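One structure below.
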Amino acid sequence: MNNGNSIFEVLLSLADAVIITDQDHRILAVNATYERITGYAHADILGKKAGILRTPHTPPDTYVSMKQSIHNGLPWSGVFTNSKRSGELWHSSITITPYVIEGERFFAGVFRELERLESGHYLDEGRLGRIQGSLLKVLAISCEIRDPGIETHLSNVQRLTERLLVRHNERSGLILSSEKITHIVNSSILHDIGKSAIPEGILYKPGPLADYERKIIEMHTLIGVDIVDKIFRELDDELFESELSTAKHIILHHHEKWDGTGYPHRLKGEQIPLEARLVSVVDVFDALVSKRPYKEKWTVAQAIDFLVDQRGKQFDAELVDSLVSLDRDGLLATAQASC
Ligand SMILES: [Fe+2]
Ligand SMILES: [Fe+2]
């Protein structure tokens, strides 16, 4: 690559992070900025595939369009969320330019860190997730404002959903992306949003419910989906798109039972989306350890006994096992936050 040497020297002297690869995407050279940002020394990554920095946060479509373009000899620009050596995420706008020098093909990638943009705004996944989470929380609390204890219950459900999800992910090797986990945790707070449309006299009736009253309460699952559909249609922004489908699964199916005796669609087993199965376990656990007008609070041990008894009946047995495997102190803390 004699003629190429001078081109590559110029590229590597740029102030942005630069990487040069061969046609198989093996790293031939990186510059000092690249080493500083990624934490990888030149000598450590020489000969490795450029994909070592990849994360699931970059949508698969991005890689497809990049490969199509550069293999047709055309430059490509896009946004990557890569991982540094430390594991920290790194958001960059990258331009990859193919070069053919003395019959050999090379690729030069120039990265610009998005966090350092001097104008405009760039939201990384963490910040985006926090904003989405706050908006959904306000929405959920506003819809159930008539119930004074609702904020504690919703926060408990959300906190325990996260702990159970992370544990279940480890135990059963689900390999859920951190993005999917954020969507489930954020959406769990919306599970009963449809209750906002149920008359107070029925919702908070102290005595037993008549059949028709029970049917009305059961409608909160269908009404909830209607509410979020309207809100997201109004927003008309792809920012919330995958959150929307996760939220709808949870709202519609959090009262389905593993054995098919739940509502509204009497789904069975794995027909029930995982996120709904999970919120169902957490929702019932928190309801049991909380004091309600019609019941005293149960101890954590009593609530766990109930869940274990309902393994494979009301609940997904694997999820109950994951919850039981969480430390009792953490479960107790959830129970004490309930009143
Ligand atoms: Fe519900
Ligand atoms: Fe609930």
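Would you mind listing the helices (runs of 4 or more DSSP H) fully within segment 143-203 where at least 3 residues are under 16 Å from the mean Cα position of the chain (by Cα)?
Ranges flagged: 150-172, 178-188.
What number of residues in segment 272-290 are among the β-branched types (Val, Ile, Thr) and either in contact with a Ser or Thr (Cβ under 6 Å, 6 or more places away or on another chain) or touching a residue at least 60 places away in the same chain (Cβ under 8 Å) (or both)?
4
Being among the basic types (Lys, Arg) and touching a strand residue (DSSP E or B) at 6+ places or on another chain (Cβ under 9 Å) is true for just one of LYS295, LYS257, LYS230, LYS205. Which residue is that?
Of LYS295, LYS257, LYS230, LYS205, the one residue that is among the basic types (Lys, Arg) and touching a strand residue (DSSP E or B) at 6+ places or on another chain (Cβ under 9 Å) is LYS257.
Considering only residues that are more than 22 Å from LYS49 (Cα to Cα) and either surrounded by 14 or more Cβ atoms within 10 Å (Cβ to Cβ) or at pLDDT 75 or above (or both), which ones fall in segment 102-121?
Residues satisfying the conditions are GLU102, LEU114.
Quick check, is ILE150 surrounded by fewer than 19 Cβ atoms within 10 Å (Cβ to Cβ) and away from ligand 2 (no atom under 11 Å from the Cβ)?
For ILE150, the condition - surrounded by fewer than 19 Cβ atoms within 10 Å (Cβ to Cβ) and away from ligand 2 (no atom under 11 Å from the Cβ) - is not met.
Take the residues of segment 157-191 that are within 16 Å of ligand 1 (Cβ to nearest atom) and free of Cβ contacts under 8 Å to residues at least 60 places away in the same chain: which is surrounded by the fewest Cβ atoms within 10 Å (Cβ to Cβ)?
GLN158
GLU144 passes all but one of (1) touching a helix residue (DSSP H, G or I) at 6+ places or on another chain (Cβ under 7 Å); (2) at pLDDT 80 or above; (3) closer than 21 Å to GLU243 by Cα; which number fails?
Result: GLU144 fails condition (2) only.
Count, please, the residues in segment 206-223 that happen to be touching a Phe, Trp or Tyr at 6+ places or on another chain (Cβ under 9 Å) and within 16 Å of ligand 1 (Cβ to nearest atom).
Total satisfying the criteria: 2.
Any chance segment 79-93 includes a residue that's surrounded by 14 or more Cβ atoms within 10 Å (Cβ to Cβ), in a strand (DSSP E or B) and modelled with pLDDT of 85 or more?
no
Name the single residue that is farthest from ligand 1 (Cβ to nearest atom) among those in segment 283-296 being assigned to a loop (DSSP other than H, G, I, E, B) and crowded, with 17+ Cβ neighbours inside 10 Å.
Ranking the candidates gives VAL289 first.
Give ARG163, ARG159 a once-over and let me know the one that is among the charged types (D, E, K, R), out of contact with any helix residue (DSSP H, G or I) (no Cβ under 6 Å at 6 or more places or on another chain), within 20 Å of THR246 (Cα to Cα) and more than 16 Å from ligand 2 (Cβ to nearest atom).
One residue alone meets the criteria, ARG163.
Working carefully through the options ILE304, ILE250, find the one that is β-branched (Val, Ile, Thr), in contact (Cβ under 8 Å) with a residue 60 or more places away in the chain and outside any loop (DSSP other than H, G, I, E, B).
Exactly one residue qualifies, and that residue is ILE250.
Tally time: how many residues in segment 1-40 are loosely packed, with under 12 Cβ neighbours inside 10 Å and either hydrophobic (A, V, I, L, M, F, W, C) or outside any loop (DSSP other than H, G, I, E, B) (or both)?
8
With the structure loaded, tell me whether GLU218 is closer than 26 Å to LYS137 by Cβ, within 16 Å of ligand 2 (Cβ to nearest atom), assigned by TED's automatic domain parsing to the domain that holds HIS168 and out of contact with any Asp or Glu (no Cβ under 8 Å at 6 or more places or on another chain) or whether it fails that test.
Answer is yes for this residue.
Look at SER280 and say whether it is within 25 Å of ILE181 (Cα to Cα) and either in a loop (DSSP other than H, G, I, E, B) or within 13 Å of ligand 2 (Cβ to nearest atom) (or both).
Yes; evaluated as a whole, the condition is true for this residue.
Go through segment 240-273 and count every residue that is surrounded by 21 or more Cβ atoms within 10 Å (Cβ to Cβ), modelled with pLDDT of 95 or more and more than 16 Å from ligand 1 (Cβ to nearest atom).
So the answer is 1.
Let me spell it out: the conditions are (1) modelled with pLDDT of 80 or more; (2) surrounded by 12 or more Cβ atoms within 10 Å (Cβ to Cβ); (3) assigned to a helix (DSSP H, G or I), and VAL64 meets all of them except one. Which number is the exception?
The one condition VAL64 does not meet is (2).
The values are calculated or read from the model by the stated rules, or taken from the named source; none is laboratory data. Remember, predicted model here, so these are calculated numbers, not experimental data. Here Cβ is always computed from backbone atoms with ideal geometry, including for glycine, and neighbour counts include all displayed protein chains.
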